[in-house]
1. Taking R108 and the conditions (1) touching a residue at least 40 places away in the same chain (Cβ under 8 Å); (2) part of a helix (DSSP H, G or I); (3) basic (K, R), which numbered condition does it fall short on, given that it satisfies the others?
2. Which of the residues that make up the range 81-101 are open to solvent by 20 Å² or more (accessible area, probe 1.4 Å), aliphatic (A, V, I, L, M) and closer than 14 Å to Q50 by Cα?
3. Considering only the range 5-33, state which residues are more than 18 Å from S78 (Cβ to Cβ), open to solvent by less than 40 Å² (accessible area, probe 1.4 Å), in a helix (DSSP H, G or I) and among the aliphatic types (A, V, I, L, M).
4. Can you pull out every residue in the range 46-62 that is open to solvent by less than 30 Å² (accessible area, probe 1.4 Å) and in a strand (DSSP E or B)?
5. Out of all the residues in the range 66-80, which are under 18 Å from I38 (Cα atoms), open to solvent by less than 60 Å² (accessible area, probe 1.4 Å), of a type outside the set (A, V, I, L, M) and out of contact with any Ser or Thr (no Cβ under 7 Å at 6 or more places or on another chain)?
6. For the range 118-133, give me each residue that is of a type outside the set (S, T, N, Q) and in a loop (DSSP other than H, G, I, E, B).
7. Could you list, in sequence order, the residues of the range 125-156 that are in contact (Cβ under 8 Å) with a residue 40 or more places away in the chain, surrounded by 12 or more Cβ atoms within 10 Å (Cβ to Cβ) and not charged (D, E, K, R)?
8. Could you say whether any residue in the range 63-70 is in a strand (DSSP E or B) and polar (S, T, N, Q)?
Amino acid sequence: MAAVGLEVWLNTYIRNGVNAFFADYALKQFTAARFEEILSLTNQTILVSQNAAGIDGFIHLSLGSPAPVPACSDLEISTLYVQPRHQGGGAGGRLLEAGLQFCASTGRPDVWLAVNAENERATEFYLRKGFSKTGETRFQIGDQSYPNHVLRYDLV
């Protein structure tokens, strides 16, 4: 999962070369130890997509994660990552469907996520799947921040 996360994050957000600032962030976030820690927590769930060769994507769901905007529950889709070469083949939709089934089992009325405002492909994917824009937030890395859309999906 760490390798998939690193590949997708770099492919999505790093377009003009990797500087030390982003390399440090990515190499701290996408480690086996960090995923082991996440999996050890009872309020975190990760579902994976797998093909004959191995994992090609995952969805990470977090309970107890307050939304940055009002009118959302504390249930978040922290990440939904599919390897670039497997995007467009349905893996993301299947992961999202499985994730939403899990979310419905929690009894929460909705689930939220934040998506980079410049990632139009991801934003359109979620809107097609029934999410709606409910606000804006900023993704903070060190002293830099980036605009994100907050999207919400009603479970009931």
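1. Here R108 clears every test but (2).
2. A98, the sole residue that qualifies.
3. A23
4. Narrowing the range 46-62 to residues open to solvent by less than 30 Å² (accessible area, probe 1.4 Å): 46, 49, 54, 56-62.
Listed by number, the residues that qualify are I46, S49, D56, G57, F58, I59, H60, L61, S62.
5. T79
6. E118, K129, G130, F131
7. Those that are in contact (Cβ under 8 Å) with a residue 40 or more places away in the chain, surrounded by 12 or more Cβ atoms within 10 Å (Cβ to Cβ) and not charged (D, E, K, R): T134, G135, T137, I141, V150, Y153, L155.
8. No: zero hits.
The values are calculated or read from the model by the stated rules, or taken from the named source; none is laboratory data. No experiment lies behind these values; they were computed from the predicted model shown. For neighbour counting, all protein chains shown are included, and Cβ atoms are generated from backbone atoms with ideal geometry for every residue, glycine included. Please note that ligands, DNA and RNA were not included when accessible areas were found on the heavy atoms of the full protein model with its side chains. Shrake-Rupley method; radii C 1.70, N 1.55, O 1.52, S 1.80 Å.
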